[in-house]
Amino acid sequence: MPVIVLTDKYLVESQVSIESFETSRMKIERGNLITGQYQGTGEYMKYELTETGVSPRALPSTKGAIIRANADEYDEFGFTSEDPMMTVSMIQKRQKKLAFLAKELEEKKIETTKLYGPEKATATIVSWGGTKGPIREALKLLKRDGVVANYLQIIYLHPFPVERVKKVLNNTSKAIVVEHNRTSQLSSLIREYLLRDADYTILKYDGRPFSPAYLVAKVKEVL
């Protein structure tokens, strides 16, 4: 599955002290990777239809494997195909990857969200990315002022963690989405997957980051 990593401008341009990572416990899983020599009984199929949607991967230059790729729809060998049934199969194959990823995240107990603060709150701030630092500082200030608030950090936007987000939003009086964009893209995802709207949005798109004091003032405005 090709992965595009989008960096967060706020994080890239920030300086922060963190504890060293314990790299000895990290393990890279390459999945069904073919290296050295292809040992299959037939011709290698770069886009083989599988139960998970993930095909065995042979690296370019692997002996015995011809790797084909193009921008058109293709069959299992990588040849361009205009067969409508093959087109349907390949689209379904790609969709299977997302379902398999969601299942794998659950089985391996990988966090797709993280909740800061009490389970039940008067106000729940929902956000993702570089807003995390200012929001966590804002929670401290709100608590000092007697406001019961929490923060739901969305770690995986896709597949969207529907059940977890639904559970948290059902335990709050006000759901407040905080984002660095004009259209509140996270609100759109919540609307699409949960069939509900956020109660309020706090948006900033002037090229400047959120400050804890600004967030506190905005949250108090809507309570």
Springs between alpha-carbon atoms under 10 Å, Gaussian network over the chain: tell me which of SER61, SER173, SER17 tops the mean-square fluctuations. SER17
Which residue, VAL178, VAL54, VAL88, tops the fluctuation ranking in a GNM of the chain built on C-alpha contacts under 10 Å? VAL88
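At R0 = 35 Å, how high is the FRET efficiency between PHE79 and ILE28 if r is their beta carbon distance? Nearest 0.05 is fine.
After rounding to 0.05, the efficiency reads 0.65.
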Using only the Cα atoms of the chain, what semi-axes does the equivalent ellipsoid have when each is the square root of 5 times a gyration tensor eigenvalue? Give whole Å, largest first. 43, 20, 16
Pseudo-spin-label distance SER20 to SER173, built 7 Å along Cα→Cβ, given in nm, is 4.8 nm
I need the fraction of alpha carbon pairs in region 30-106 separated by more than 19 Å, rounded to a whole percent. 40 percent
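How much of the DSSP beta bridge set in the chain is antiparallel, as a percent to the nearest 5?
Numbers: 5 of 22 bridges.
About 25 percent, rounded to the nearest 5.
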Under 10 Å, Cα contacts only: if you run a Gaussian network model on the chain, which one of GLU106, GLU137, GLU13 comes out with the highest mean-square fluctuation? GLU13
Taking trypsin sites (Lys or Arg not before Pro) that fall in a DSSP loop and have at most 16 other Cβ atoms within 10 Å as cut points, what is the longest piece of the chain between them? 121-181
For region 113-222, report the convex hull volume of the alpha-carbon atoms normalised per residue, in Å³, without decimals. 89 Å³
Name the residues whose placed amide hydrogens come within less than 5 Å of the amide hydrogen of VAL126, ignoring near sequence neighbours (fewer than 5 apart) on the same chain. LEU152, ILE176, VAL177, VAL178
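For THR50 and ILE66 in one chain, what is 0.36 nm times their gap in residues minus the Cα-Cα distance, to one decimal in nm?
On the way: separation 16, 0.36 × 16 = 5.76 nm, distance 1.90 nm.
Result for the pair: 3.9 nm of gain on full extension.
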Can you give the FRET efficiency to the nearest 0.05 for GLU119 and GLU163, using r as the Cβ-Cβ distance and R₀ = 22 Å? 0.90
For region 1-74, max minus min Cα coordinate along each principal axis, in Å, sorted largest first? 53, 33, 26
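Full extension from LEU223 to ILE110: what is 0.36 nm times the residue separation minus their Cα-Cα distance, to one decimal in nm? Write out the running numbers ahead of the final one.
On the way: separation 113, 0.36 × 113 = 40.68 nm, distance 3.34 nm.
Stretched fully, the LEU223-ILE110 segment lengthens by 37.3 nm.
Given region 113-222, what percent of its DSSP beta bridges are antiparallel, to the nearest 5?
On the way: 4 of 18 bridges.
Given both bridge residues lie in region 113-222, the antiparallel proportion sits at roughly 20 percent.
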State the Cα centre-to-centre distance between region 97-113 and region 39-74 in whole Å. 25 Å
Tally Lys/Arg at +1 and Asp/Glu at -1 over every other residue whose Cβ is under 11 Å from the Cβ of ASP83; what's the total? -3
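Go ahead and estimate [θ] at 222 nm for the chain from helices alone: -39,500 (n - 2.57) per DSSP H run with n ≥ 4, summed, over the residue count, rounded to 500.
Working: 6 runs with 70 residues, N = 223.
About -9500 deg cm²/dmol.
Read-outs: derived from the displayed coordinates by stated rules, not from any lab. The model shown is predicted, which means the values in this text are computed figures rather than measured ones. Counting neighbours? That spans all protein chains shown, and the Cβs are built from the backbone with ideal geometry, glycine included.
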